[in-house]
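Have a look at the structure below, then the notes.
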Amino acid sequence: MSNVSSVARNLKWLLLSALIVALDLFSKSIASDNLQLHQPLPVFPGFNLTLMHNKGAAFSFLSSAGGWQRWFFTIIAAVVSVVIVVWLARLKPGQRWLALALALILGGALGNLWDRLTLGYVVDFIQVYYDQWYWPAFNVADSAIFVGAVMLVLDSLFGRHDETEKKT
């Protein structure tokens, strides 16, 4: 199959990634415009909307590292995004589960990459908790990355891989 038809076949996955980016940026804009920084807005028990600015990575990892982490995580997100686009282009037609997982991760990575480039931090606003135990705040992009990563693990463990055994 030619590269052109492969790209055309996988365009729907890139469109899904773009939809994730759009939903992520839209929800972050609404949160930024309507929430006060670090002031929880209770929605129901166990769930708040709380505006946070994350200068680090997952769970605020390296958030107080002095600024270099912004560019470090920006470069990582950009490289991972390029790798995923190439990976998507090389998928076989039947690898829909893997394509969906990659599209979710790509959309999430690009959503958070946009924040890092334009704001210097990632906007988080979803806060889940139980009693006194709070999960770190996250966003739509983080959710897409998480779901995509779980799908990748499931695919690697249980997916059908058409590897023909080589007879020697």
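The values are calculated or read from the model by the stated rules, or taken from the named source; none is laboratory data. Just so it is clear, the structure is predicted and the values come from calculations on it, not from any experiment. Here Cβ is always computed from backbone atoms with ideal geometry, including for glycine, and neighbour counts include all displayed protein chains.
Applying a threshold of 9 Å to beta carbon distances and a minimum spacing of six or more residues, or different chains, the list of pairs starting in the stretch 108-137 at a residue that is among the small types (G, A, S) and ending at one that is part of a loop (DSSP other than H, G, I, E, B) and exposed (fewer than 13 other Cβ atoms within 10 Å of the Cβ) reads G120/G67. So is G66 at pLDDT below 95, closer than 17 Å to N139 by Cα and either touching a Lys or Arg at 6+ places or on another chain (Cβ under 7 Å) or not aromatic (F, W, Y) (or both) or not? No, not satisfied. When the residues of the stretch 130-141 are filtered to those that are part of a loop (DSSP other than H, G, I, E, B) and hydrophobic (A, V, I, L, M, F, W, C), the one that is modelled with the lowest pLDDT is W135.
Close contacts from the stretch 73-95, counting a first residue that is β-branched (V, I, T) and a second that is surrounded by fewer than 16 Cβ atoms within 10 Å (Cβ to Cβ), with Cβ to Cβ under 8 Å and a gap of 6+ residues or different chains, come to T74/L117. Scanning the stretch 125-141 for residues that are over 15 Å from I20 (Cα atoms) and of a type in the set (V, I, T), we see that the one that is surrounded by the fewest Cβ atoms within 10 Å (Cβ to Cβ) is V128.
Within the stretch 138-149, how many residues are free of Cβ contacts under 8 Å to residues at least 40 places away in the same chain and farther than 17 Å from V43 by Cα?
The qualifying residues number 2.
Let's see how each residue does on (1) in a strand (DSSP E or B); (2) more than 21 Å from S29 (Cβ to Cβ); (3) modelled with pLDDT under 90; (4) of a type in the set (D, E):
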{"position": "G120", "(1), (2), (3), (4)": "no, no, yes, no"}
{"position": "V128", "(1), (2), (3), (4)": "yes, yes, no, no"}
{"position": "S143", "(1), (2), (3), (4)": "no, no, no, no"}
{"position": "F146", "(1), (2), (3), (4)": "no, yes, no, no"}
{"position": "L154", "(1), (2), (3), (4)": "no, yes, no, no"}
{"position": "L157", "(1), (2), (3), (4)": "no, yes, no, no"}
{"position": "R160", "(1), (2), (3), (4)": "no, yes, yes, no"}
{"position": "E163", "(1), (2), (3), (4)": "no, yes, yes, yes"}
{"position": "K167", "(1), (2), (3), (4)": "no, yes, yes, no"}
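Condition first: aromatic (F, W, Y) and either buried (at least 22 other Cβ atoms within 10 Å of the Cβ) or within 17 Å of K12 (Cα to Cα) (or both). Now tell me which residues in the stretch 82-124 satisfy that. Matches in the stretch 82-124: W87, W97.
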